[in-house]
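Data first, discussion second: the structure below is written as structure tokens.
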Amino acid sequence: MVDFAGAAEAVVDIFGEDVVYESSDGRFTIPAVFRSEAHRVQGSRGPAITSKRPELTILQSAMRAEPVEGDRVTVRSALYTVASVRQDAEATRYLLGLKRV
Amino acid sequence: MSDHVRKQIRDQLRTTLEGLGLRTFANRVAALGELELPAVTVLTEQETSERTSIDGVLKREIEVAIVVVFEGDTVSLDDELDGQASRIEAALAASPPAATRLFVLESTSLELLSDEEGESWYGLMSMVYRATTFTPKGDPTTIK
């Protein structure tokens, strides 16, 4: 049987870093994997805008409660607000879309 | 040789908009970086022309789009764009491009770019003017 939880923990162990998570349950430090890929935004006129798509992967076991939109997280001294929350199919991780504050 | 009338119009608008403290591009096709915002691009997107005299004077109607892009939040973006629209409309009414005989605002559209997956919200405003000018036959650089 595949140990999805163990695999997710290993990924966070290897690629993760400490982030500060703030929700209605308080403020706490958890390990998470942060990615911020470049992407483009195109309006109806004029040149495109280059932007970033920051995402945070956190283990469900690291959370005190389910994350919700509006929670805040500090990564590498930058403050973000949680804009979207997804759960992976194995129910081991949350994938959070972030907006810069 | 002087510049084509379309370039003259773009350059004159850029000068006016830079006078408002706006970072303005008159020939921009490359993507804008976040550090370049807020920014304005001046585009001459379409032109229709017709001969108006026996000696071939061309009446040119040039669509000029002034595109303002801001980074902000969903609460204040519309207000910021409207504030810029007020300044731009007033400045261009007071000082229309010298290369035009008639320079009128035809439409304004506001667009909130819902960059759902990205880290920011962007507001984009397009102000479309119609510039009417006249040039002699075979000479698109001289204003009649």
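A few notes on this one:
- Evaluating B:Ala93 against the criteria (1) more than 14 Å from every other protein chain (Cβ to nearest Cβ); (2) free of Cβ contacts under 8 Å to residues at least 40 places away in the same chain; (3) surrounded by 13 or more Cβ atoms within 10 Å (Cβ to Cβ); (4) within 14 Å of the chain's Cα centre (by Cα) leaves one unmet condition, (3).
- Screening A:Pro67, A:Pro54 for residues that are within 14 Å of another protein chain (Cβ to nearest Cβ), closer than 16 Å to A:Tyr94 by Cβ and either of a type in the set (Gly, Ala, Ser) or surrounded by 12 or more Cβ atoms within 10 Å (Cβ to Cβ) (or both) leaves exactly one candidate, A:Pro54.
- Some residue of the range B:109-131 being farther than 19 Å from B:Gly19 by Cβ and more than 14 Å from every other protein chain (Cβ to nearest Cβ): yes
- Filter result for B:Thr52 (of a type outside the set (Asp, Glu), in contact with a strand residue (DSSP E or B) (Cβ under 9 Å, 6 or more places away or on another chain) and free of Cβ contacts under 8 Å to residues at least 40 places away in the same chain): no
Results for (1) touching a Lys or Arg at 6+ places or on another chain (Cβ under 6 Å); (2) not hydrophobic (A, V, I, L, M, F, W, C), shown as yes or no for each residue.
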site: A:Tyr21; (1), (2): no, yes
site: A:Arg27; (1), (2): no, yes
site: A:Val33; (1), (2): no, no
site: A:Glu37; (1), (2): yes, yes
site: A:Ile58; (1), (2): no, no
site: A:Ser61; (1), (2): no, yes
site: A:Val73; (1), (2): no, no
site: A:Arg76; (1), (2): no, yes
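- Restricting the range A:37-51 to residues that are among the polar types (S, T, N, Q) and surrounded by 15 or more Cβ atoms within 10 Å (Cβ to Cβ), the residue that is nearest to A:Ser77 (Cα to Cα) is A:Ser51.
FYI, it's all coordinate maths here, none of it is from the lab. Everything quoted here is computed from the prediction, not taken from an experiment. When we count neighbours, we look across all protein chains shown, and the Cβ atoms used for this are built from the backbone with ideal geometry, even at glycine.
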